[in-house]
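This report refers to the structure that appears directly beneath it.
What follows is calculated from the coordinates using simple rules that are stated; it is not laboratory data. In this text the structure is predicted, and so the values were computed from the model without any measurement. Ideal geometry is used to build each Cβ from the backbone, glycine not excepted, and the neighbour counts take in all protein chains shown.
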Amino acid sequence: MAMRPTLPPCAVSPEMYQDEILLSPPARRDVTVEQWRDYLVKRAAAHRRCAGCDVLADCLYRSVVEVDVLGFVACTSEAERRTMRRELGIEVRFDSSPYGTARVGGGPVDHAEVIGARKAHPDETCRELAQRLGCSTSTVKRHLRQEREGRAVAVTTIEKPSVGDVLDAFDRLDTSRSV
Ligand code: SF4
């Protein structure tokens, strides 16, 4: 009888990875001590699961080099993966998106506004983008998810980094040293 493959922890416990606080990490200045502690505890729990995952190296490489995914993946936040890409000199970009400048003012936001704001402010969390755009965090996430699912992604780099390069960049993250 064929052996069933072992599921990765994120498939076994998807609710842990889909927790709002991991999908949209707060800035320390925006939350109370208790909320910050809750974030750190949940993040550390997901980090431990990923660290024990059989496909961590593949997952990390794909999420840094090949596809821009939302949330906490492969022991890293979205912001940390952006940091790693900067270090590696690569960019995972959306294909032919109508980027614009950040929107100011009220009213419903459309897809291009959300994508434009993300491009103009790549280090902001979904929560911060939502505040900037005057919409909900879930609206921002929905548009970003649609963008990622609906368009091809490409890595703009002369040469793709090796797995070793990506792991070295990962080791240089503060959170890799402290958790
Ligand atoms: S390393 Fe990737 S596949 Fe493994 S649990 Fe973490 S997110 Fe899931």
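If you plug the beta carbon distance of Asp58 and Thr32 into 1/(1 + (r/R0)^6) with R0 = 30 Å, you get a FRET efficiency near 0.20. Straight-line reach from Lys42: taking Cα to Cα under 25 Å and skipping same-chain neighbours fewer than 8 places apart, the lysines in range are Lys141.
Summarising the amide proton neighbourhood of Glu91: residues at separation of 5 or more, or on other chains, whose placed amide H is nearer than 5 Å comprise Thr156.
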